[in-house]
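Have a look at the structure below before the remarks.
The values are calculated or read from the model by the stated rules, or taken from the named source; none is laboratory data. Please read these numbers as outputs of a predicted model, since none were measured by experiment. Counting neighbours? That spans all protein chains shown, and the Cβs are built from the backbone with ideal geometry, glycine included. For accessibility, only protein heavy atoms count, side chains too; no ligands or nucleic acids. Shrake-Rupley method; radii C 1.70, N 1.55, O 1.52, S 1.80 Å.
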Amino acid sequence: MDDLAAFRAEMRAWLDINCPEEMRDGQVTEETICWGGKRWKFTSDAQRIWLDRMAAKGWTVPSWPEAYGGGGLSRAQDKILKEEMARINARSPLESFGIWMLGPALLHFGTHEQKLEYLPPIARGEVRWCQGYSEPGAGSDLASVQTKAEIDSDHYLVNGQKVWTSYADKADWIFALVRTDKDAPKHKGISFILIDMSTEGVSTRPIRLISGKSPFCETFFDNVRTPRHQRVGDENRGWDVAKYLLTHEREMISGGGGGLLGGRPVGAVLAEMAHGLDTADRRAAAMECEVDSLAMALTLERYKDQAETQPIGDASAMLKYYGTELNKRRHELMMEGGGSDALAWDGHDGLPSDWLRTKANSIEGGTSEVMLSIISRRVLELPG
Amino acid sequence: MTSLQKTEDEVMLADAARSFLDDAAPIGHLRKMRDECRTYDAELWSQMAELGWTGVLVPESAGGSDMGHAAAGILAEEMGKTLVSSPFLSTAVMAATALRQVADDRASDALRKIAEGQVIYALAVDETSKHEPDAAELAATPDGNGFRLSGTKTFACDGMAADRLLVLAKTDEGLTLFDLPANRDGINRDPMDLIDSRDAARITFEDVAATGDDVLGQVDDAMTVLKPALEAGQAALAAEMAGLAAGALDMTVGYLKERKQFGVPIGAFQALQHRAAHLWCEAEVTASAITNAGRMLDENAAEATLAVSLAKARATKTAELAVKEGVQMHGGIGMTDAYDMGFYMKRARVAAEWLGDYGYHAGKVAALRGF
């Protein structure tokens, strides 16, 4: 315990000196988030300095090994870092699909060389990744992906189309599921490969969503040559990597349920609205939403504690399902509380756009219905 | 705070409790008592004392096992799975916690008797159909050096079996908690015959004499002693309800695999699969709140109110869903007295009301979260 207390004191002192004042507003919104990448335009010097300082410590990815750009922190130390950052309302220095999804998959399935090559640039925010999973014909039935990768000596020749590739137009690299054996059963002919988005033949097209924003793209591959050593895991065993990565994606998406709005209680948000808590039914709904949000936040903590000793696995479907449904519920309530003040596009600081965005939460990364099917088959072991 | 995962010791305690209870008190035990019109099993209580369960919150210096609130929650959860009927919550959790707030020889003696299984306590707090301790009206009027208690208490769980009662009364400047023998002159107890087939009493106090020695803690300051006791009870009751929900869910999932209609197990139908999966998710989220409440009571009891109310609110909702889905998915057989699912439903309803209903606890959560 003394070691942890010393670590906390050291951490606190370091943060006090190194976290720029402007980075202490505790906000993680679409506008303030730092995604990094080759084309990233820092919104301020403070954002750049904060990222550089945290990355130098390895604290953009606190639990990754130091050899790969991480901080090498234990779960207990990682918790202290989070607590101390929360204490001063510090923004997260960097968020990315590299951190949340590819990193864990590479740590588990990658070769030492692949880890050395790809992980440190993720940790430093130098390379931004996107995810090439869904296709027009492969949504909930993800394993039916048809984008094909044919062997051409030491390269793959990739042809096909991905869809719902979040931020593909801003990403430097993509991790993609491709079919390397069209004759094998669908789960057994897939490989997981890494493609440089600047390769000739890769193109993207943003999709305008109901929220008015375009976070998702279509991504096209037209005779894209990719070195075979950029495959993660064995050939035709990409589904194993894909599934493992999905458990991390679900955990990432579920986070919205517990700690939205910088952890502000939904009732407190409603209380600031002119008529937010006027009615007994809305007050009751806010109470229930708050009860469920707090319990969900504890559940995310509990599962992270558990992940220290055993993988979360299929139970991540619960985090994803519950967190996203809760997030939708919170936003419905805020829209209702806001009344006509929340109907204009910029009403209540972009609440309408956020509300519409949450509708994707229970679709992206596997629909709520797919999550429930995973739980019923794999956890409850129901037939069918 | 300690990890929200169960520790190895906690897993071992749960396993040991399970194997004892499967033998000593499966659901059939409750059914048998119900059929025999009994609500208390002295033999089971003395076995719980031997296992150190009645002393789970009694200091070692008073002969207890002093395992703490998280451990008490684990025991309560295992009891909930098979609807074990005993004064565990009233006596070993709530009375023991109240007595621990008082550092005198009399409290120590009482704690020792609890650990030995020699005394049963019940709390006489509620006076109306809803839990609202601050509004207690039962009057303790000054009378010479002592008091005279007059009024009525209801929903005193384990009140018929109790040897002693912790009675919340209104005094001149506030509320006062009395620790009285249940057979004192002027105290009359009537069984309430509740739907869950467990012990609860309506108690009338007619000019009951009490002295300063009968006061637990200080006059006009009941809550210093009672609030920690109620919170300990609420957390353990939440754990019992989580166990109850798990028991009902297990029974239901088992039935979905076994019952065939249209030539297939009904668990192959997605309409039922998704509802069962949703229920499991609710139970998982509730489990975190239960463990968190136990940890908070053990590590920072003064700040545990939010954690405790969160646990009771969540457990109430989850248990309610579990028994509703349990009966519905069982179909006709779930409606029969011969099948055990109904016992879960009835206990869930009683436990929902005991020590504060959903609205009471959700309201506390909201107030502590600033709205």
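Kindly indicate whether A:R75 is closer than 27 Å to A:P215 by Cα and either outside the structural domain of A:L246 (by TED's automatic domain parsing) or over 20 Å from the mean Cα position of the chain (by Cα) (or both).
no
Since B:Q273 meets every condition but one in (1) open to solvent by less than 10 Å² (accessible area, probe 1.4 Å); (2) in contact with a Gly (Cβ under 7 Å, 6 or more places away or on another chain); (3) closer than 20 Å to B:L75 by Cβ, which condition does it not meet?
All conditions pass for B:Q273, except number (3).
What number of residues in the stretch B:299-329 are open to solvent by 60 Å² or more (accessible area, probe 1.4 Å) and either within 18 Å of the chain's Cα centre (by Cα) or not assigned by TED's automatic domain parsing to the domain that holds B:R275 (or both)?
Total meeting the criteria: 2.
What's the number of the condition A:V61 fails, among (1) without any contact (Cβ under 8 Å) to a residue 60 or more places away in the chain; (2) closer than 23 Å to A:D196 by Cβ; (3) of a type outside the set (G, A, S)?
Result: A:V61 passes all but (1).
Looking at the stretch A:17-27, can you tell me whether even one residue there is under 20 Å from the mean Cα position of the chain (by Cα) and modelled with pLDDT under 90?
yes
Select from the stretch A:337-347 the residues that are among the small types (G, A, S), in a helix (DSSP H, G or I) and at negative phi and list them in ascending order.
Across the stretch A:337-347, the qualifying residues are A:G337, A:G338, A:S340, A:A342.
Looking at A:T324, A:T367 in this structure, which one is buried (at least 19 other Cβ atoms within 10 Å of the Cβ), β-branched (V, I, T) and either within 24 Å of the chain's Cα centre (by Cα) or more than 14 Å from every other protein chain (Cβ to nearest Cβ) (or both)?
Just one listed residue meets the conditions, A:T324.
Among the residues of the stretch A:2-57, write down those that are of a type in the set (A, V, I, L, M), in a loop (DSSP other than H, G, I, E, B) and either at positive phi or open to solvent by less than 80 Å² (accessible area, probe 1.4 Å) (or both).
Start the filter on the stretch A:2-57 by keeping residues that are of a type in the set (A, V, I, L, M), which leaves A:4-6, A:9, A:11, A:13, A:15, A:17, A:23, A:28, A:33, A:46, A:49, A:51, A:54-56.
Filter once more, keeping what is in a loop (DSSP other than H, G, I, E, B): A:28, A:33.
Within the stretch A:2-57, just A:I33 meets the criteria.
Looking at this structure, is A:S198 part of a strand (DSSP E or B), on the phi < 0 side of the Ramachandran plot and open to solvent by 30 Å² or more (accessible area, probe 1.4 Å)?
Criteria not met by A:S198.
So is B:T211 buried (at least 23 other Cβ atoms within 10 Å of the Cβ) and not aliphatic (A, V, I, L, M) or not? Step through it out loud before you land on a result.
On the way: buried (at least 23 other Cβ atoms within 10 Å of the Cβ): no; not aliphatic (A, V, I, L, M): yes.
Here the answer is no, as B:T211 does not meet what is asked.
If the requirement is being free of Cβ contacts under 8 Å to residues at least 40 places away in the same chain and either touching a Ser or Thr at 6+ places or on another chain (Cβ under 6 Å) or at the interface with chain B (Cβ under 10 Å from one of its Cβ atoms) (or both), which of these qualifies: A:L277, A:L294?
A:L294
Being touching a Ser or Thr at 6+ places or on another chain (Cβ under 9 Å), within 14 Å of chain A (Cβ to nearest Cβ), open to solvent by less than 40 Å² (accessible area, probe 1.4 Å) and of a type in the set (A, V, I, L, M) is true for just one of B:A200, B:A238. Which residue is that? Spell out how you get there, then give the answer.
On the way: B:A200 fails: within 14 Å of chain A (Cβ to nearest Cβ).
After ruling out the rest, the residue left standing is B:A238.
Just give me the residues in the stretch A:11-48 being under 30 Å from A:A76 (Cα atoms) and among the β-branched types (V, I, T), in sequence order.
A:I17, A:V28, A:T29, A:T32, A:I33
List the strands (runs of 3 or more DSSP E) inside the stretch A:89-182, counting only whole elements, that have at least 3 residues being open to solvent by less than 50 Å² (accessible area, probe 1.4 Å).
By residue number, A:129-132, A:155-166, A:173-179.
Restricting attention to the stretch A:280-291, which residues are without any contact (Cβ under 8 Å) to a residue 40 or more places away in the chain and under 31 Å from the mean Cα position of the chain (by Cα)? It would help to see each step written out before you state the result.
So in the stretch A:280-291, the residues without any contact (Cβ under 8 Å) to a residue 40 or more places away in the chain come out as A:280-281, A:283-284, A:287-288, A:290-291.
Across the stretch A:280-291, the qualifying residues are A:M287, A:E288, A:E290, A:V291.
Can you tell me which residue within the stretch B:283-326, out of those that are more than 22 Å from B:A71 (Cα to Cα) and in contact with an Asp or Glu (Cβ under 9 Å, 6 or more places away or on another chain), is nearest to the other protein chains (Cβ to nearest Cβ)?
Result: B:K317.
For the stretch A:58-79, what are the residues that are part of a helix (DSSP H, G or I) and surrounded by fewer than 21 Cβ atoms within 10 Å (Cβ to Cβ)?
Result: A:E66, A:A67, A:R75, A:A76, A:Q77, A:D78, A:K79.
Can you report the number of residues in the stretch A:190-203 which are closer than 22 Å to A:M101 by Cβ and out of contact with any helix residue (DSSP H, G or I) (no Cβ under 8 Å at 6 or more places or on another chain)?
Going through the stretch A:190-203 one residue at a time, the tally reaches 4.
Examine the stretch B:257-267 for a residue that is under 23 Å from the mean Cα position of the chain (by Cα) and surrounded by fewer than 18 Cβ atoms within 10 Å (Cβ to Cβ), and state whether such a residue exists.
No, every residue in the stretch B:257-267 fails to be under 23 Å from the mean Cα position of the chain (by Cα) and surrounded by fewer than 18 Cβ atoms within 10 Å (Cβ to Cβ).
For the stretch B:331-371, which residues satisfy the criterion of being more than 14 Å from chain A (Cβ to nearest Cβ) and among the acidic types (D, E)?
B:D337, B:D340, B:E353
Which one is farthest from B:D298 (Cα to Cα) among residues in the stretch B:220-235 that are part of a helix (DSSP H, G or I) and open to solvent by 30 Å² or more (accessible area, probe 1.4 Å)?
First, the residues of the stretch B:220-235 that are part of a helix (DSSP H, G or I): B:222-235.
Cutting the leftovers down to open to solvent by 30 Å² or more (accessible area, probe 1.4 Å) gives us B:223-224, B:227-228.
On the way: B:M223: 19, B:T224: 17, B:K227: 15, B:P228: 11 Å.
For the stretch B:220-235, the residue satisfying everything is B:M223.
Could you give every pair whose Cβ atoms fall below 7 Å, whose first residue belongs to the stretch A:298-321 and is over 19 Å from A:S376 (Cα atoms) and modelled with pLDDT of 90 or more, and whose second residue is open to solvent by less than 50 Å² (accessible area, probe 1.4 Å) and charged (D, E, K, R), counting only separations of at least 6 or pairs across chains?
Between residues of the stretch A:298-321 that are over 19 Å from A:S376 (Cα atoms) and modelled with pLDDT of 90 or more and residues that are open to solvent by less than 50 Å² (accessible area, probe 1.4 Å) and charged (D, E, K, R), the close pairs are A:T299/B:E284.
List pairs: first residue in the stretch A:195-207 and under 19 Å from A:P136 (Cβ atoms), second residue in a strand (DSSP E or B) and open to solvent by 30 Å² or more (accessible area, probe 1.4 Å) anywhere in the structure, Cβ distance under 6 angstrom, at least six positions apart or on different chains.
A:G201/A:D222; A:G201/A:N223; A:S203/A:F220; A:R205/A:E218
Are any of the residues in the stretch B:85-92 out of contact with any Phe, Trp or Tyr (no Cβ under 9 Å at 6 or more places or on another chain), in contact (Cβ under 8 Å) with a residue 12 or more places away in the chain and either farther than 29 Å from B:T291 by Cβ or assigned by TED's automatic domain parsing to the domain that holds B:T39 (or both)?
no
Scan the stretch B:243-258 for residues that are over 25 Å from B:A76 (Cβ atoms) and either in contact (Cβ under 8 Å) with a residue 12 or more places away in the chain or aliphatic (A, V, I, L, M) (or both) and report the count.
Summing the residues that are over 25 Å from B:A76 (Cβ atoms) and either in contact (Cβ under 8 Å) with a residue 12 or more places away in the chain or aliphatic (A, V, I, L, M) (or both) in the stretch B:243-258 gives 2.
Would you call A:L351 surrounded by 21 or more Cβ atoms within 10 Å (Cβ to Cβ) and more than 24 Å from A:G139 (Cα to Cα)? Break it down into steps so the answer makes sense when it comes.
Numbers: surrounded by 21 or more Cβ atoms within 10 Å (Cβ to Cβ): yes; more than 24 Å from A:G139 (Cα to Cα): yes.
The answer is yes for A:L351.
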